[in-house]
Each structure stands twice: as C-alpha cells, then as structure tokens.
Amino acid sequence: MNFGIKDKWGLVCAGSKGLGRACAESLAEEGVNVVIVARGTEALAETAAHIGNNTEVEVRTVAADITTPEGRKEALSACPALDILVTNAGGPPAGNFRDFEIADWEKALHANMLTPIELIKSVLDGMIERKFGRIVNITSAAVKAPIPILGLSNGARAGLTGFIAGLSRQTPMHNVTINNILPGAFATETMNGRMAAMAEQSKQTIEEVIDSRLNAIPAGRFGDPREFGQLCAYICSAQASYITGHNFLIDGGVYNGTL
Ligand code: NAP
C-alpha cells in the first residue's frame, strides 16, 4: 500500500533510539522527510546516517531536551511547515509513590503531558490551515492498565490522554488527526532499565524478571520496535484520515479485555 505521505515533513521527538527511532525509520521508508530530536549527539548521528543510507529522504537532527521550552523551540525551528508530529520523551522513573516529591511529579508532567501539549499547540493551527496533519503521541500500556511501580507514568500519561480525547474531536474535519500509541513491552533500552528496577525491587535476578514478563505476554516475546514504527506510519498515512482520538494498544495480547 502507498501511504500517500511522500515528501511530507515529520518531527519525531526522542527519535534517536527505541520506539521513536522506529517511527522515524518507518516514516522515512514512506518518503517522509524527518527531523529527529534527542539529547545525545552520538545516537542521533548514527540514526540519521542509518536513515540517510537506507532512504531518499532529507534527515535533520536537533540535539536538545524536548521537555524544555528552548529544546522545543530548537526542534520546531529545524522543521519547515510540519505535516506529522510524533511526540515522545523518556518515561519517568519507577518507584514507591511515598518517595516522590513535587519536583518528581513536575518533571513527569512536563515530559509526558505538558511537552506534547505545548508541541501540539505550536503546530496544530498550521496543519489545520494546510488541511493535513497527523499527530501521534507515544504513551504507554500503563494508560490502560496501570503498573503499580510506575505511578508517575500512570498519572502524567493519563492527563495527556484525557486532554487528547477532547482535542482530537475538534480537528478531523480539517484532515488533522490525533491519536496515541500505547506500547506494551518492547525490546529497547528503557525496557532493559525497567527490568533492572523490577529485579531490584522484587529481589529477583534479571533473568527471573524477564521470564515472568514473557510468561505474561500471549505473543511469547517482546515487541520489535519496527512493529511499533510501522503502526505509527499507518496512523500517519493519507488512508488513516478517518481515525482520530484512539488509543492503540500494541502489547502482544497482554491486556485481557473484550474491548
Ligand atoms: P529508549 O529506547 O530508551 O529511547 C529513548 C529515546 O528518547 C532516546 O532517543 C533518548 O535519547 C530520547 N530522549 C529521552 N529523553 C529525552 C528528552 N528529554 N529530550 C529529547 N530526547 C529524549 O526508550 P523507548 O523504549 O523507545 O521509550 C520511549 C517512550 O515509550 C518512553 O516514554 C517510555 O517510557 C515509553 N514506553 C516504552 C515501553 C517499552 O517497552 N519500550 C513501554 C511502555 C512505555 P537521549 O537520551 O539521547 O535524549
């Protein structure tokens, strides 16, 4: 299928590794020129080179912290008129909520709720004017089924999800859609960190934690970030203009519910 987005421009936040990188790669494979943002320059350069060597698109990189106003300004000024926005940032740390201070909550809210909202505020009206826009927020399966040790993530991402539920119904008449993708367990650096935290908390070895996690995944494996990127590219396609306000869970069957 031709996704009809060749020559569009996309901004992929937190795009040098893991799920963000996979989204940037899949969009580039569909002919989308991409601006990728991350703080570390090494992975950013490696990802840009990989995309540049494997596609014909233009790739720009911005080394910045997307959770700061300066970082967002830099990222947005590296893009021409934007057609596609993928919001993403590192997730908040795991822990017992009794140990979280207000500053921890503020950090989580900035990274996983307010940053996407600020980015959307900056690009939405231009998309509406140009009659094309696709916004995808990378959130978490924890939005649908909260994970006890990820209280900061459960809370901050639920706030974003509520906001998007309202906004996403105000834009599809302009061919601008807003959706969230909720990853379950994908094989990325962040996931490895989570496994280590769980092992420490539960006094198990990492191997034991991995085994019990895999046992709970009907697919019997962790997700491949490429599968995530390809779903993102479809949601950003011309064909997906009738899909807005959805929370796409991609978790290998872990969520055990009829709807
Ligand atoms: P990852 O493989 O560790 O990659 C994280 C990416 O985000 C890197 O490119 C990192 O680059 C960038 N980044 C982090 N903080 C940033 C910031 N403040 N500004 C700009 N870039 C930033 O992580 P992932 O697994 O893809 O996770 C992506 C998101 O999905 C996270 O919010 C995570 O909590 C969530 N999630 C992941 C899973 C999973 O199984 N993987 C499950 C549920 C939810 P720099 O560090 O160089 O900036």
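Details
- Verdict on Gly4 being surrounded by fewer than 20 Cβ atoms within 10 Å (Cβ to Cβ) and either in a strand (DSSP E or B) or more than 19 Å from the chain's Cα centre (by Cα) (or both): yes
- Which numbered condition Arg21 misses (of (1) under 17 Å from Gly91 (Cβ atoms); (2) in a loop (DSSP other than H, G, I, E, B); (3) of a type in the set (D, E, K, R)): (2)
- Within the range 177-198, being of a type in the set (Gly, Ala, Ser) and within 7 Å of the ligand (Cβ to nearest atom) holds for Gly184, Ala185.
- Scanning the range 205-236 for residues that are surrounded by 15 or more Cβ atoms within 10 Å (Cβ to Cβ) and more than 13 Å from the ligand (Cβ to nearest atom) gives Val209, Gln230, Leu231, Ala233, Tyr234, Ile235, Cys236.
- Residues of the range 139-150 that turn out to be out of contact with any Leu (no Cβ under 9 Å at 6 or more places or on another chain) and open to solvent by less than 20 Å² (accessible area, probe 1.4 Å), as a count: 1
- Residue in the range 102-109 that is buried (at least 19 other Cβ atoms within 10 Å of the Cβ) and part of a strand (DSSP E or B) present: no
- In the range 83-93, of all residues being closer than 16 Å to Leu27 by Cβ and part of a loop (DSSP other than H, G, I, E, B), the one that is farthest from the ligand (Cβ to nearest atom) corresponds to Asp83.
- Among residues of the range 188-199 that are within 16 Å of Lys17 (Cα to Cα), none has a beta-carbon under 6 Å from a residue that is more than 10 Å from the ligand (Cβ to nearest atom) and at pLDDT below 90 at least six positions away or on a different chain.
Table: residues versus (1) in contact with a Gly (Cβ under 6 Å, 6 or more places away or on another chain); (2) of a type in the set (Asp, Glu); (3) in contact (Cβ under 8 Å) with a residue 12 or more places away in the chain.
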| residue | (1), (2), (3) |
| --- | --- |
| Val59 | yes, no, yes |
| Asp65 | yes, yes, yes |
| Asn88 | yes, no, yes |
| Glu101 | no, yes, no |
| Ala111 | no, no, yes |
| Phe132 | no, no, yes |
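- Looking at Ile66, Ile36, Ile120, just one residue is assigned to a loop (DSSP other than H, G, I, E, B), within 15 Å of the chain's Cα centre (by Cα) and of a type outside the set (Gly, Ala, Ser), and that residue is Ile66.
- Qualifying position, being surrounded by 17 or more Cβ atoms within 10 Å (Cβ to Cβ) and away from the ligand (no atom under 11 Å from the Cβ), among Thr67, Thr55, Thr47: Thr55
- Checking Pro80 against (1) at pLDDT 95 or above; (2) more than 15 Å from the ligand (Cβ to nearest atom), the condition it does not meet: (1)
- Residue in the range 120-133 that is within 10 Å of the ligand (Cβ to nearest atom) and in contact with a helix residue (DSSP H, G or I) (Cβ under 7 Å, 6 or more places away or on another chain) present: no
- Within the span defined as the range 14-26, every residue fails to be open to solvent by 30 Å² or more (accessible area, probe 1.4 Å), more than 12 Å from the ligand (Cβ to nearest atom) and in contact with a helix residue (DSSP H, G or I) (Cβ under 6 Å, 6 or more places away or on another chain).
Here's the yes/no breakdown for (1) modelled with pLDDT of 95 or more; (2) outside any strand (DSSP E or B); (3) at positive phi; (4) crowded, with 17+ Cβ neighbours inside 10 Å:
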| residue | (1), (2), (3), (4) |
| --- | --- |
| Leu160 | yes, yes, no, yes |
| Ile164 | yes, yes, no, yes |
| Arg169 | yes, yes, no, no |
| Asn179 | yes, no, no, yes |
| Ala196 | no, yes, no, no |
| Gln201 | no, yes, no, no |
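The values are calculated or read from the model by the stated rules, or taken from the named source; none is laboratory data. Remember, predicted model here, so these are calculated numbers, not experimental data. Here Cβ is always computed from backbone atoms with ideal geometry, including for glycine, and neighbour counts include all displayed protein chains. Heads up: the accessible areas ignore ligands, DNA and RNA and are worked out on the full protein's heavy atoms, side chains in. Shrake-Rupley method; radii C 1.70, N 1.55, O 1.52, S 1.80 Å.
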